[in-house]
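Rule-based calculations on the coordinates, nothing more; no lab input. Model, not experiment: these values are computed from the prediction. Every residue, glycine among them, receives a Cβ derived from its backbone with ideal geometry; neighbour counts consider all protein chains shown.
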Amino acid sequence: MILPIVFIAPSAKGGKGVFANKNIKAGTVIEISPVLIFSVKERKSIEETKLFHYIFEWGVSRKKGALGLGYISMYNHDYNANCDYDMDFDNNLMTIITVRNILKGEELYINYNAHPSDATPVWFNAK
């Protein structure tokens, strides 16, 4: 399920991102989408491809990988994200929820550290 109030478009961060086509209130479930799960071995192989930038760590141990279907893997990272995500390991689903009001035209961001304001450097910003 993806609400029809979001769309994919070019992002100022590079590549593409997810944007609001109307104002969205905080606490809105934007998307609930399935994920494809990869074993530890499969994840290592995938990390050698372009998909590396689109997969999530998965499972309690965070050693498996997951590719979000729907728009899940298109949300860009921001350390002050306006959305959060929930991982349902039992049902292989991810949910995107807004954490503040979002204006029409604004890009929706998640924090790749799994908490909207976690400032821990992510792999592409780590020095």
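A few notes on this one:
- Of the criteria (1) hydroxyl-bearing (Ser, Thr, Tyr); (2) farther than 25 Å from Ala9 by Cβ; (3) surrounded by 13 or more Cβ atoms within 10 Å (Cβ to Cβ), which one Ser61 fails: (3)
- Residue under evaluation Thr98, criteria (1) surrounded by fewer than 19 Cβ atoms within 10 Å (Cβ to Cβ); (2) touching a Gly at 6+ places or on another chain (Cβ under 9 Å); (3) among the β-branched types (Val, Ile, Thr), criterion not met: (1)
- Meets criteria (of a type outside the set (Phe, Trp, Tyr), in contact (Cβ under 8 Å) with a residue 40 or more places away in the chain and surrounded by fewer than 17 Cβ atoms within 10 Å (Cβ to Cβ)) for Ala20: no
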